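In what follows, a single structure is set out as structure tokens and then discussed.
Derivation of every value follows stated rules applied to the coordinates shown; laboratory data play no part. Keep in mind that this is a model prediction, so the values were computed, not measured. Virtual Cβ from ideal backbone geometry, glycine too; neighbours counted across all protein chains shown.
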Amino acid sequence: MAKTALFAAKQNEPCPECGAELVIRSGRHGPFLGCSNYPDCQFIRPLKTLADGHVVKVLEGQTCPKCQSTLVLRQGRYGMFVGCINYPECDHTEVIDKPDETTLSCPQCGHGKLLQRKSRFGKAFYSCDRYPECQFTINNKPVAGQCEYCRYPLLMEKRTANGVKLFCASKICAKPALNDKEDDE
């Protein structure tokens, strides 16, 4: 038996092409709505009718700074955000979870500050706030300090089997800080 025939549920909605009932079917890309008269009628529609950035809640009393329309809370691919109700005519968006700014300056460009950001998978990383001009990133928490070996102006915390240790943030050096080696001697 084919995988697409394993899962079919009634939706009680008429097919816009032939008037037969639409049913939920399962395909290799996930569930979808299809006509019950298949293969005579080949109408299909994605089950998820809400596209990326669908409106969750209208934020009454808050206006868009670009077009003075109402702002809405939207659910997008990377989480919740605030946007204009007139999208796509007005493309104003605001991030709900602002990145946490550290007081540490970027060791690569020297001008920007390091920000804690989240990847699309939810994992935290630190990058320069001057992106895309400066593309410095590290995956571990940055710590103020200087590497004793290469004089790189930033250290980072790493969890090891012996606990949390400080390492050089330079990808070329990456040696442990000297104060952590004292317990080995």
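Site pair ILE44 and LEU178 shows an inter-label distance of 6.6 nm when each label is modelled 7 Å from Cα along Cα→Cβ. Of the residues CYS134, CYS109, the one with the fewest other Cβ atoms within 10 Å heads the list, and the complete ranking is CYS109, CYS134. Once the mean of 1/r is taken over each pair of separate Cα atoms and inverted, segment 54-95 shows a Kirkwood hydrodynamic radius of 10.0 Å.
Taking amide H positions as modeled 1.01 Å from N, with prolines and chain starts lacking one, the residues under 5 Å from VAL56 and 5 or more places away or on another chain are LEU73, ARG74, GLN75. Among the GluC sites (Glu not before Pro) found in segment 79-136, those both in a DSSP coil and sparsely packed, with 11 or fewer other Cβ atoms within 10 Å of their Cβ, are GLU89, GLU133.
If you take the alpha carbon atoms of segment 98-179 and fit the smallest convex hull around them, that volume is 108 Å³ per residue.
Here's how it looks for ALA20: its modeled amide H is under 5 Å from those of CYS15, which are all 5 or more places away or on a different chain.
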